[in-house]
Amino acid sequence: MNTTEKKYYSLLEITRSLESVIRKTYTKSYWIKAEIAKLNYYTHSGHCYPELVEKEGSKVLAQIRSNIWAGNFDRINKKFLDVTRENLKDGMTVLLLAKVGFHPVYGISLNITDIEPTFTLGELARERNESILRLQKEGVFHNNKSLALPLLPQRIAIISVETSKGYHDFTKIIAENNWNYQFFYILFPALLQGEGAVKSIKNQLSRIKKAIAHFDVVIIIRGGGGDIGLSSYDNYSLAKAVATFPIPVLTGIGHATNETVVEMIAHANKITPTDLAYFLIQTFHNFSVRMQESLKVIRSESENLILTENRRMAEISRSFNFASRNLVNANKSLINILVHQLEKHSISVLNNRKNFLTEVTNRLKYKPLQLLFENKSRLSNVEKELAIFSHHKIKTTQNHLALLNEKVNLLKPENILKRGYSITTLNGKPIKNTGQLSENDIVETNVFEGKFKSRIESIENEK
């Protein structure tokens, strides 16, 4: 009974009135679209008390408490997991069946009896498509794929969980490969699914970027867990961080359903960490095969080049020998001609002198015997001079022949090379002037004992 002039109601009366009005007004269950701001699941009781919100951007337009009793939660979560491959979690937009209720102590709330997983699946697909469209619109969707994978991706930054089976499978395969290829890797541990996965992976990508010069590729691998928790890899901010990463990002997330956005924009995606390990090993093996083929080509070309040059040097040597023999033979013929001419000249001179002597004798028969003796003496001197002249002429000619023979010997290739000269060729042709050369040409130089190759760094033209 009121004891004052003003009429009032107790709080319990008001709350009971509200409870009565709500019970009479909201007599059935309603399908409601809302976002789970916080799931608030308690494992000891099995009950769940989701905080539901509706937002416009970051602004909260509506908020209400709700509950899912243990029996309903097990059924709802199992159905949700079977359809979406995800557990109920914070941040999900869901379509729920609930009844409005009011309690004098706990206030208004929604009692959730069912959740439609196909609606959430559609929302996840919508978010996935939005991420793809945003990345394409920003022109970064193919950025990571367009990066060149190093010929030998040897230095690896691994984003995974140290206790993950996929991580251990990956490291075991690359460490024990049959070809003994050597890899260097560092683990950057991160959450790979569930709440916090996006932030955790992005933080590790930021750490790797600070030491980017020490790595060739980044790989994101997880093992086990099936398809649960994959919605994190459709997140726009994570996908953009991977798409714009400055070195190739490879993924081995370990599932066989449709690709997530992160897998789609990664440089390469393999279904499992094991497949990813074999992919890297195969990259090394492909390079090794190319190296072996190149080595065979280089060896074959070198052998052919050496054979060609040996034949060419043999031909040059034969040409020099032939020219030398011809030159010697030509000079021998010249000497024979000179000797023959000298003999004829000597005989001619002797005959002329004898004739002159006979003529003088005939003219001077009347002169004293002394004059005859003097002429004989003169004739004797002339004969001596003629002998000396002939000997000198022959000696001079022989010296000339020896000099010519020495010059011929000096012209032999081996003697020219022995004196420090060399023969330099470009593509098998002797170099006679700098006009035949260009920078970076590879030339081959033959010296007396061996040969070597050089690269042209600069050229000076002198007239």
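Just so you know, all these numbers are worked out from the coordinates, no wet-lab data involved. As the structure is a computational prediction, the values presented were derived from the model and not from experiment. Ideal geometry is used to build each Cβ from the backbone, glycine not excepted, and the neighbour counts take in all protein chains shown.
What percent antiparallel are the DSSP beta bridges of the chain, to the nearest 5? Mind showing how you got there, number by number?
On the way: 37 of 56 bridges.
So the antiparallel bridges in the chain amount to around 65 percent.
How long is the gain from E13 to N310 if the chain were fully straight, where each residue apart is worth 0.36 nm and the alpha carbon distance is subtracted?
Working: separation 297, 0.36 × 297 = 106.92 nm, distance 11.69 nm.
Value of the extension gain: 95.2 nm.
Contour minus end-to-end for E5 and R353, with contour as 0.36 nm per residue of separation and end-to-end as the Cα-Cα distance? Each step should come with its number before you reach the end.
On the way: separation 348, 0.36 × 348 = 125.28 nm, distance 18.70 nm.
Stretched fully, the E5-R353 segment lengthens by 106.6 nm.
Do any GluC sites (Glu not before Pro) in the stretch 83-168 lie in a loop, going by DSSP, with at most 10 other beta-carbon atoms within 10 Å of their beta carbon, and if so which?
Details: sites: E86, E123, E127, E130, E138, E162; in loops: E86, E138, E162.
Qualifying residues, ordered by number: E162.
Each pair of Cα atoms in the stretch 11-128 enters the Kirkwood radius, and Stokes-Einstein at 37 °C and 0.692 mPa s then converts it into a translational diffusion coefficient of 217 µm²/s.
Ignoring aspartates and glutamates fewer than eight residues from K354 along the same chain, the ones with Cα atoms less than 20 angstrom from its Cα are E343, E374, E383, E385. Within a straight-line Cα-Cα reach of under 13 Å, K79 can be paired with the following aspartates and glutamates, leaving aside sequence neighbours fewer than 8 residues apart in one chain: D114, E116. Once the C-beta distance of N399 and K344 is scaled by a Förster radius of 22 Å, the resulting FRET efficiency is 0.50 to the nearest 0.05. Helix 197-210 axis versus longest C-alpha principal axis of the chain: approximately 30°, rounded to the nearest ten. The magnitude of the dipole of the chain, with charges of +1 and -1 set on the Cβ of Lys/Arg and Asp/Glu and taken from the Cα centre, is near 2640 debye.
Can you flag which of K344/K395; K145/K296; K89/K145; K209/K240 are past 24 Å Cα-Cα?
Values: K344/K395 17 Å; K145/K296 33 Å; K89/K145 32 Å; K209/K240 14 Å.
Cα-Cα > 24 Å for K145/K296; K89/K145; rest within.
Once you divide the Cα radius of gyration of the chain by 2.2 N^0.38 Å, the number left is 2.37. A quarter of the convex hull surface defined by the alpha-carbon atoms of the stretch 250-300 gives 4.1 nm² as the mean projection. Spin-label model, Y421 to V360: label points 7 Å out along the Cα-to-beta-carbon direction sit 5.5 nm apart. Counting only alpha carbon atoms, the long axis of helix 70-84 and the longest principal axis of the chain meet at about 30°.
The slack in the chain from K79 to K165, taken as 0.36 nm per residue of separation less the alpha-carbon distance, amounts to 28.2 nm. Taking 22 Å as R0, compute the FRET efficiency from the Cβ-Cβ separation of S317 and K407 and round it to 0.05. Taking R0 as 22 Å, the efficiency between S317 and K407 is 0.75.
If you plug the beta carbon distance of A211 and H142 into 1/(1 + (r/R0)^6) with R0 = 25 Å, you get a FRET efficiency near 0.45.
Tilt of helix 11-25 relative to the longest C-alpha principal axis of the chain, in degrees (0 to 90, nearest 10)? It is inclined by approximately 80 degrees.
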